[in-house]
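The values are calculated or read from the model by the stated rules, or taken from the named source; none is laboratory data. Just so we're clear, the structure is a prediction, and the values are computed from it rather than from any experiment. When we count neighbours, we look across all protein chains shown, and the Cβ atoms used for this are built from the backbone with ideal geometry, even at glycine.
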Amino acid sequence: MPENSLAEDSYVIVGNNDNSPATAKMRTALVDQIHPIYTVSPVGRDLEKDAKISMDTGALDPETISIGYWDGNVWRELHSTLSLDGRQMEAIGTHLGHYTLIPRGSGSPLAISEEDILPTEYSLYQNYPNPFNPETMIHYDIPKGGHVSLVIYDILGRELIRLVNQYQPAGRYDVLWDGNNAIGSSAVSGVYFFRISSNGFSQTRKMVLSR
């Protein structure tokens, strides 16, 4: 959790108790309980800065799950991506409260007011799915408007295609790579890198195309 995420000093406690009366309604609302419900206390507190939520996938198929947040009435499905090591699902949280893994598509979408919250830091997330065939989605956050470039490189560091090369306002973005190079030819199976650059920020991640 970023420093000064809460408006005042407070202890943050993480735990799970699926058998408590407090989680009974949450369990009932789940289409299929596939993961323990974790509580981040004090419940209901808004965060001054976005925090990354990470949950181990275990034996679950990451292509079929998302992180869910309990808003008091329904499970809200967060935009979730697989971590670089392939062991965790990651999402951005804006509240302390109850989180779990849910079947993808089973949760209600976030309210528009929450989706519109601007990011407070630059982030490049792991593409999803990964490995992929034939296409994959890349998600990134831009807290300040500016020129953004998102480039795919092969294992030798040669530029394959420039997916983004333009000014973008602050916000959260999803870009699809269809597995083709700049001239429309299919890229071969192998390891590729994608790098984002904006306002002096740069970050690179690795992905695998498996045809």
(message) So the check is Cβ under 7 Å with 6+ separation or different chains; which pairs have a first residue in region 102-118 that's more than 23 Å from TYR38 (Cβ to Cβ) and a second one that's at pLDDT 70 or above and not in a loop (DSSP other than H, G, I, E, B)?
(response) LEU118/GLY171
(request) Within region 70-91, track down each residue that is over 21 Å from THR28 (Cβ atoms) and either surrounded by fewer than 21 Cβ atoms within 10 Å (Cβ to Cβ) or at pLDDT 85 or above (or both). (result) HIS79, LEU82, SER83, LEU84, ASP85, GLY86, ARG87, GLN88, MET89, GLU90, ALA91
(request) Restricting attention to region 11-30, report how many residues are at pLDDT 75 or above and not basic (Lys, Arg). (result) 5
(message) Residue under question is TYR128, and the condition is that it be touching a strand residue (DSSP E or B) at 6+ places or on another chain (Cβ under 6 Å) and modelled with pLDDT of 90 or more; does it hold?
(response) no
